[in-house]
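The values are calculated or read from the model by the stated rules, or taken from the named source; none is laboratory data. Since the model is a prediction, treat every value here as computed from it, not as a measurement. All Cβ positions, even for glycine, are placed from backbone atoms using ideal geometry, and neighbour counts span all protein chains on display. Accessible surface is based on the protein model in full, side chains and every heavy atom, while ligands, DNA and RNA are left aside. Shrake-Rupley method; radii C 1.70, N 1.55, O 1.52, S 1.80 Å.
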Amino acid sequence: MRIFLLSLVFLLTGICAYSQEFKVSGYIKDASNGQTLPGASVYTDETHQGSATNANGYYSFTLPAGKYHLHISILSYGDTVIPIKVSSNISFSVKLVPTSISTQAVTVTGDRPDKNVESSQMGTVKLEVKDLKTIPVFFGEPDILKMIQLLPGVQSGGDANTGFYVRGGGPDENLVLLDGATVYNAGHLLGFFSIFNSDALSSVELIKGNMPANYGGRISSVLNIQSKDGDIDNIHASGGIGLIASHFTVQGPIKKDKVSFIFSARRTYLDVFLQRPFITTSSPFYGTKYYFYDLNGKISWNISPKDHISLSGYFGEDVFNFSDAGAGFGAQIPWGNGIASLNWGHIYSDKLISNLTVDYTDYNFKFNGSDAGFYFSLFSGIHDYHLKYNFDWIPNKKHHIKYGLEYTLHVFIPSEISAQEQSVNFSLNSVQKLYANEGGVYLSDDYDLSTRIKIEGGLRYSVFQQIGPFDRYDQNNQGVNIDTIHYKTFQNIALYGGLEPRISFRYRLNGESSIKLGYSRNYQYIHLASISSVSLPTDIWFPSTSIVQPTSGDQYAIGYYRNFKDNLYESSVETYYKDMHNLIEYKNGVTPDENSSTNPDENFTFGSGQAYGFEFYIKKKSGKFNGWLGYTLSWTSETFANLNNGQTFYAKYDRRHDISAVANYEVNDRWTISSVFVFSSGEALTLPIGWYIIEGELVQEYGSTNNYRLVPYDRLDLAATYTPNRQKRQEKRQQRWESKMKKKGIDAPYVDHRPQWMKNFKTSWTFSVYNVYDRYNPYFIYFDIHGSVYTNSLTIQAKQVSLFPVLPSVMWNFEF
């Protein structure tokens with residue numbers, strides 16, 4: 001209650017009378033393609049007042065009359081300082097020329113040089129997408145989710161897993177957004193790659209603690225990804241060709257300075273190598289086909305100086321097919337995401353901006369199998385219809401108020417199973433779709449109380465309702481249905497809601513350091529039910545029901561932030577404690593297929609969890625040598641009344657130590673070398689502690705939950721990027737021409753007759769080595785059993801499975 005009242009005090013603080021001030025506003029754009037630049041910092045050197053550009057590249061703030069130096073800062077464009085005179089409201093748009101900074105690969109950055117010290121937000125980082133290609137990558141394919149796992153407080157789910165754990169939370173506790181739409185499965189190839197094609201992305205922001213009130217629905221983190229607007233001035237294309245995948249992007253104006261487009265595609269060609277002549281017809285792998293593809297598209301329209309509309313879409317799918325004609329067996333397993341998002345940004349007045357997003361999300365998983373005339377089919381998925389309306393109100397330089405609302409209609413299909421033999425159809429379970437409404441309203445204020453104190457207080461109220469149609473089965477002790485309760489369409493089944501206070505406090509010690517405190521409460525109404533330690537497409541999303549209650553999380557954090565040498569180095573130390581309730585797990589011995597004519601939500605058990613830890617981080621932001629070092633020391637434990645005899649155990653997300661080091665060095669204007677080193681404590685898992693022979697049968701005895709840890713994980717990756725010097729190549733062409741003409745005694749100047757696209761053609765090569773010292777990192781443990789109990793020759797041996805040895809790769813990138 002105190003937190004609630006304190007937030008209201010900050011939100012409703014009276015606005016004091018100021019001397020006459022004038023509005024300074026405009027757009028920040030890329031001079032090379034006309035794209036607006038979100039996240040650019042615009043402020044004055046004299047007062048340090050200003051704002052960051054929004055998602056549409058627009059900034060707005062007020063200043064008293066006078067002369068100032070307007071400072072514009074954003075990574076890969078350098079710092080731009082422009083003198084301005086303020087005597088009335090002015091609209092001032094700027095086009096920035098990109099700087100050639102090849103060594104800033106995926107650099108964590110703020111909106112201004114001292115943003116990490118000045119901001120009231122905690123645990124928020126931004127990734128620079130455009131220079132991703134210089135970092136060592138798996139099979140040469142850049143992956144933004146792999147880069148996120150190199151940040152302190154963010155831990156990897158393993159080699160073949162794009163799922164990431166933030167401060168002790170599971171992969172379903174991260175809200176992943178693409179242009180405002182929720183992404184439910186971000187992995188390809190069972191988690192080897194993410195669905196995000198880096199060529200189509202504009203900005204990536206991760207909030208790993210104390211998320212602002214405008215986000216909700218998850219208890220651990222927010223990963224907000226925005227796709228690019230197309231080049232509004234010129235048509236151009238880019239792409240890359242790697243060992244297992246290629247990608248291509250084309251963009252340009254439909255109407256100059258008004259309407260632009262961008263289209264990006266990516267596809268693997270693993271299926272090519274699984275056919276003849278690479279695989280013979282006698283091989284057990286013959287008939288196997290696997291590939292994935294991604295399609296991204298966006299149309300952006302500047303209707304007026306005050307209105308911007310964009311329509312974006314994503315569709316991607318994994319397709320796995322297997323057939324064995326001799327055995328009469330075949331299987332088709334496709335899964336994928338479809339997303340469509342419509343966004344309208346509008347400037348109502350000098351101080352009020354709005355952003356309306358309407359989107360649709362479709363995720364589904366299918367399994368179709370056949371065996372000697374018997375056909376089997378399984379389907380699961382989730383569909384979202386979502387609306388969000390945000391407002392930014394900046395009444396004066398002390399306040400930045402945000403408010404808005406959002407609504408989502410969820411449609412869940414936990415599992416649908418059917419079978420057919422000859423002409424006989426079997427319905428193994430009734431199609432049980434689950435429907436739910438989810439909504440929220442919020443209000444927050446980022447308030448400069450003084451030059452030293454800044455507070456961001458916010459309140460969010462969220463609500464969740466399961467509605468009909470739905471059938472609830474009443475069963476006796478033997479599991480036989482004795483009655484069924486029918487809920488009609490839109491009939492209320494379960495209703496939940498609650499206040500979610502958020503508050504962050506910053507005290508600036510001096511110009512180089514600050515202390516921050518934060519608290520947030522979050523509710524999560526949908527859950528990912530998994531029987532595996534890694535994220536798989538077979539995992540089922542399930543809503544809160546009359547049995548499954550919402551998960552809640554309370555997080556407390558404190559941090560110290562310090563910059564050195566005029567913000568060239570930045571560092572931070574954060575500690576956090578997170579209390580979680582109503583966590584969900586499958587009961588012992590229960591699997592997802594036990595849903596036939598039953599209530600699937602009765603397969604779950606519920607518990608609580610605690611996570612706490614320390615995060616250390618230091619980064620050199622620029623120069624020929626740059627990079628960062630992060631270290632996390634953390635503990636995560638869970639308690640379930642129906643698991644582990646009610647005793648507390650370490651969660652599968654628990655990692656005691658986690659180290660990530662990223663280094664980049666610009667050798668010269670053509671060569672850049674990069675390296676990544678990671679180390680983490682072994683994953684916790686449950687293994688048998690004994691084996692017994694009872695009546696001739698081998699029986700396992702299990703001890704406590706997660707009683708064993710795999711050996712630690714460590715890996716070193718290296719990369720070298722070569723960018724040919726186009727100017728020197730042009731000079732050599734001219735020298736060869738002049739030498740040739742001189743021998744012929746002809747005085748003819750050199751003229752480049754190549755087409756314009758060839759003159760603008762740029763290329764680069766990235767050579768990577770994954771797992772340089774060939775470390776056999778554990779993926780899972782299995783037991784190899786040989787012999788027989790009857791001949792007294794039985795042997796049982798635990799064996800470790802590792803996925804990736806040392807793997808070299810090469811990627812050729814081009815742009816024209």
Checking the structure you have, find out if any residue of the range 162-184 is over 24 Å from Y523 (Cβ atoms), in contact with a helix residue (DSSP H, G or I) (Cβ under 7 Å, 6 or more places away or on another chain) and either modelled with pLDDT under 85 or open to solvent by 10 Å² or more (accessible area, probe 1.4 Å) (or both). yes
What pairs can you find where one residue is in the range 225-251 and of a type in the set (K, R), the other is in a strand (DSSP E or B), and their Cβ atoms are less than 8 Å apart, with a gap of 6+ or different chains? K228/L201; K228/S202; K228/Q251; K228/I262; K228/K298
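How many of the residues making up the range 564-586 are of a type in the set (S, T, Y), open to solvent by less than 50 Å² (accessible area, probe 1.4 Å) and farther than 15 Å from A651 by Cα? Steps first, please.
Here is the first cut: in the range 564-586, the residues of a type in the set (S, T, Y) are 569, 571-572, 575-577, 586.
Keeping just the survivors that are open to solvent by less than 50 Å² (accessible area, probe 1.4 Å) gives 571-572, 575-576, 586.
Now restrict to residues that are farther than 15 Å from A651 by Cα: 571-572, 575-576.
Qualifying residue count for the region: 4.
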Going by the conditions given, is G297 crowded, with 17+ Cβ neighbours inside 10 Å and either modelled with pLDDT of 85 or more or on the phi > 0 side of the Ramachandran plot (or both)? yes
Of (1) open to solvent by 10 Å² or more (accessible area, probe 1.4 Å); (2) at pLDDT 90 or above; (3) polar (S, T, N, Q), N481 fails just (2)
Note on the range 200-243: residues open to solvent by 10 Å² or more (accessible area, probe 1.4 Å), within 30 Å of D257 (Cα to Cα) and either touching a helix residue (DSSP H, G or I) at 6+ places or on another chain (Cβ under 7 Å) or not hydrophobic (A, V, I, L, M, F, W, C) (or both) are S202, S203, E205, N224, Q226, S227, K228, D229, D233, N234, H236, S238
Per-region count, the range 354-381, residues at pLDDT below 90 and either within 29 Å of A52 (Cβ to Cβ) or among the aliphatic types (A, V, I, L, M) (or both): 2
Go through the range 254-269 and count every residue that is free of Cβ contacts under 8 Å to residues at least 60 places away in the same chain and closer than 10 Å to G230 by Cβ. 4
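Taking the range 196-245 only, how many residues are part of a loop (DSSP other than H, G, I, E, B) and over 30 Å from R506 (Cβ atoms)? Even if it seems obvious, please write down each step before you answer.
First, pick out the residues of the range 196-245 that are part of a loop (DSSP other than H, G, I, E, B): 196-197, 208-220, 228-235, 242-244.
Imposing the further condition that a residue be over 30 Å from R506 (Cβ atoms) reduces the set to 196-197, 228-235, 242-244.
Adding up the residues that qualify gives 13.
Tell me yes or no: at least one residue of the range 130-151 is of a type in the set (F, W, Y), surrounded by fewer than 23 Cβ atoms within 10 Å (Cβ to Cβ), at pLDDT below 75 and assigned to a loop (DSSP other than H, G, I, E, B). Even if it seems obvious, please write down each step before you answer.
Going through the range 130-151, the residues of a type in the set (F, W, Y) turn out to be 138-139.
This time we only want the ones that are surrounded by fewer than 23 Cβ atoms within 10 Å (Cβ to Cβ), so: 138-139.
Of the ones still in play, those that are also at pLDDT below 75 are 138-139.
If we keep only those that are assigned to a loop (DSSP other than H, G, I, E, B) too, we end up with none.
No, the range 130-151 contains no residue that is of a type in the set (F, W, Y), surrounded by fewer than 23 Cβ atoms within 10 Å (Cβ to Cβ), at pLDDT below 75 and assigned to a loop (DSSP other than H, G, I, E, B).
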Odd one out for F248 among (1) at pLDDT below 85; (2) under 18 Å from N197 (Cβ atoms); (3) open to solvent by 20 Å² or more (accessible area, probe 1.4 Å): (1)
I'd like to know if the range 180-195 contains one or more residues that are within 29 Å of G498 (Cα to Cα) and part of a strand (DSSP E or B). yes
